[in-house]
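Below: one structure, written as structure tokens.
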Amino acid sequence: MVELKTPDELEKMRVASAIVASTLELLRKKVKPGVSTMELNRCAEQEIRRRGGQPAFLGYRGYPAALCVSINEEVVHGIPDAGRKIGEGDIVSLDLGVVWDGFYGDAAITVAAGRVKPEVAKLLKVTEQALYRALKTIKSGARLGDVSHAVEEFVTPTGMGVVRDFTGHGIGRRLHEEPSIPNFGQPGTGVVLKSGMTLAIEPMVCLGGAEVIVKNDGWTAVSADGSYAAHFEHTVAVTENGCEILSAIQD
Ligand code: MF3
Ligand code: CO
């Protein structure tokens, strides 16, 4: 069952997601060579709490931090580490969740530290554009397969790999709700979207093959071939004519 949110519940998700968005924007500016991934985590947790939210990832299935920081070939779920410093030319994925009054928001961006190779810059562009292509297909009456297919259809011709081992998800009173939202699929299939559904759409793309491996820490997912990977995510609410991006940057 995919739960529909009431206007009051959507308002809480708007607040949670706005805290995610503004915290990610703050972190984006801090991504520089020499900064440790733990410093980014501290900054994230402090900003979330300053705005009255709680870090959603901290303690989730035993995850030890507020923020996931995944560098270069790390795809998702990199654990902050005081000894891990960002280097010139790295790409840094920042994934953040917030709870506000019992409701969740979740979003991710990938940021370049200094100058990156042209193909890496293209990876970031393609992954972010794939997210927006997917969001464009969302409206009441569309099918989940339409959303999934949009990512696959956009990314595959570039020769980059769409990660299949992790998916987007419903979100609301829990971080992960139904439905699971793969980044590949057939149009015209799957759950029929309805106004009031809230979804986290999150394409993950590798420059090389799509296969990923989870490291011995039990969390960090890396590309099997060592190629760089990017991740962009938004929390959205389905509306009659499209979707509202709850985690869009404000101001
Ligand atoms: N945005 C990711 C997701 O939706 C991160 C959650 S994993 C966590 O799956 F353990 F860090 F919370
Ligand atoms: Co998510």
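The values are calculated or read from the model by the stated rules, or taken from the named source; none is laboratory data. Here the structure is a predicted model, which is why all the values come from computation and not from measurement. Cβ placement follows ideal geometry from the backbone for every residue including glycine, while neighbour counts extend to all protein chains displayed. What goes into the accessible areas is simple: the full protein's heavy atoms, side chains included, and nothing from ligands, DNA or RNA. Shrake-Rupley method; radii C 1.70, N 1.55, O 1.52, S 1.80 Å.
Odds and ends about this structure:
- Cα gyration tensor shape of region 143-251, rounded if a/c is under 1.5, else prolate or oblate by comparing a/b with b/c: prolate
- Per residue, the average separation of C-alpha pairs within less than 8 Å and at least 6 apart gives the chain a relative contact order of 24 percent.
- On the beta carbon distance between Gln250 and Lys125, with R0 = 22 Å, the FRET formula returns roughly 0.45.
- Lysines whose Cα lies under 26 Å from that of Lys139, excluding same-chain neighbours fewer than 8 positions away: Lys5, Lys12, Lys125, Lys194
- Most fluctuating residue given options Arg61, Arg174, Arg133, as computed from a GNM of the chain linking Cα atoms under 10 Å: Arg61
- Calculated P(r) tail over 21 Å for region 71-136, as whole % of Cα pairs: 35
- The per residue volume of the convex hull around the alpha-carbon atoms of region 1-90 is 122 Å³.
- Using a probe of 1.4 angstrom and keeping all protein chains present, the accessible surface of region 7-245 works out to 42 square angstrom per residue.
- Note on the chain: Rg/Rh from Cα positions, Kirkwood definition for Rh, rounded to two decimals, is 0.95.
- Portion, in percent, of the accessible area of the chain that falls on carbon or sulfur, probe 1.4 Å: 51
- CD proxy at 222 nm, helix term only [per DSSP H run n ≥ 4: -39500 (n - 2.57); per residue of the chain; nearest 500]: -9000 deg cm²/dmol
- Here is the tail figure for region 98-148: Cα pairs spaced more than 13 Å apart come to 70 percent of all pairs.
- For region 134-185, the equivalent ellipsoid derived from the alpha-carbon gyration tensor has semi-axes of 21, 14, 7 Å in decreasing order.
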